[in-house]
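Worksheet: one structure, shown below.
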């Protein structure tokens, strides 16, 4: 069956949404393919409540894929999607900001999927995920573009959390510059009363003779071990860290060169950096587990 699409003429902002869905495999997507909720096993209708961020551009914040559609778009997908009720109201609770690159961002075009797109399904009403990432962004370019860092900083409020993942595009960034860029972002988040969390970059599917090689582990062209530098900044600045490099490395190496192809766009695009919907879901689950471990998101929001 075709997806069921509902569009609401609302202004940018945060909205509490409540839906009643049925069909054991119905998924609720918001805006640019953000997974918000799924129906439980069985055919009985289920109520799902979540908070969604409406913004322009609705996907990548650097304008990589244009502005998208105005208002709020909800898409109900699956073999036989069902929706019997939708309610929404404008709100402003806590926000979880994501600052990163193409492996994090809201990708408008399938099969490309950032782990940030699959993260919202872990949260209930009261926490809005604001994915302020963009393809091609490095720690330096993120700081330099007004629509990226300056715009995100303006939106931050006390109690918000900001997940910060860079490295994939810092291919010629020195260790000193990388640490300086991350420290500047950390201090800027803290100055707004929000909580920064450094997230080491998800690995690439690049195998050598003994597991992932240096490129897979995000060691750049200057020989800088970027995840190690990020760990060092977390220690020196006393901020929280989710070591997605370590966690994703274990998943990829356990699956091996062949099994790990399903996590990336290896078969579809000959791409061992960008993730499939499945891979993005697996890595988003690792990030959500890290947030639970840190205690930064209260249990009633997850």
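The values are calculated or read from the model by the stated rules, or taken from the named source; none is laboratory data. The structure displayed is predicted, hence computed values, not measured ones. Note: ideal-geometry Cβ built from the backbone for every residue, glycine included; neighbour counts use all protein chains shown.
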(request) Name, by its number, the condition in (1) under 24 Å from residue 290 (Cβ atoms); (2) buried (at least 16 other Cβ atoms within 10 Å of the Cβ) that does not hold for residue 177. (result) (1)
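Taking residue 159 as the residue in question, decide whether it is in contact (Cβ under 8 Å) with a residue 24 or more places away in the chain and at positive phi.
Taking the combined requirement at face value, the residue satisfies it.
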(request) Can you work out which of the residues in segment 63-84 that are farther than 26 Å from residue 99 by Cβ and loosely packed, with under 14 Cβ neighbours inside 10 Å is modelled with the highest pLDDT? (result) 84
(message) For segment 228-239, which positions are closer than 12 Å to residue 200 by Cβ and free of Cβ contacts under 8 Å to residues at least 60 places away in the same chain?
(response) 228, 229, 231, 232, 233, 234
(request) Only residues that are more than 22 Å from residue 285 (Cα to Cα), assigned to a loop (DSSP other than H, G, I, E, B) and more than 15 Å from the chain's Cα centre (by Cα): list them for segment 29-59, please. (result) 42, 43, 44, 45, 55, 56, 57
(request) Go through segment 38-62 and count every residue that is in contact (Cβ under 8 Å) with a residue 12 or more places away in the chain, within 23 Å of residue 96 (Cβ to Cβ) and either out of contact with any helix residue (DSSP H, G or I) (no Cβ under 7 Å at 6 or more places or on another chain) or surrounded by 22 or more Cβ atoms within 10 Å (Cβ to Cβ) (or both). (result) 14
(message) I need a count of the residues in segment 109-125 that are surrounded by fewer than 24 Cβ atoms within 10 Å (Cβ to Cβ) and within 17 Å of residue 28 (Cβ to Cβ).
(response) 6
(request) Kindly indicate whether any position in segment 276-290 is surrounded by 16 or more Cβ atoms within 10 Å (Cβ to Cβ), part of a loop (DSSP other than H, G, I, E, B) and touching a helix residue (DSSP H, G or I) at 6+ places or on another chain (Cβ under 7 Å). (result) yes
(request) Using the structure shown, decide if residue 106 is within 22 Å of residue 126 (Cβ to Cβ), surrounded by fewer than 20 Cβ atoms within 10 Å (Cβ to Cβ) and either under 19 Å from the mean Cα position of the chain (by Cα) or modelled with pLDDT of 95 or more (or both). (result) no
(request) Please indicate, with yes or no, whether at least one residue in segment 172-188 is over 23 Å from the mean Cα position of the chain (by Cα), within 26 Å of residue 258 (Cα to Cα) and modelled with pLDDT of 95 or more. (result) no
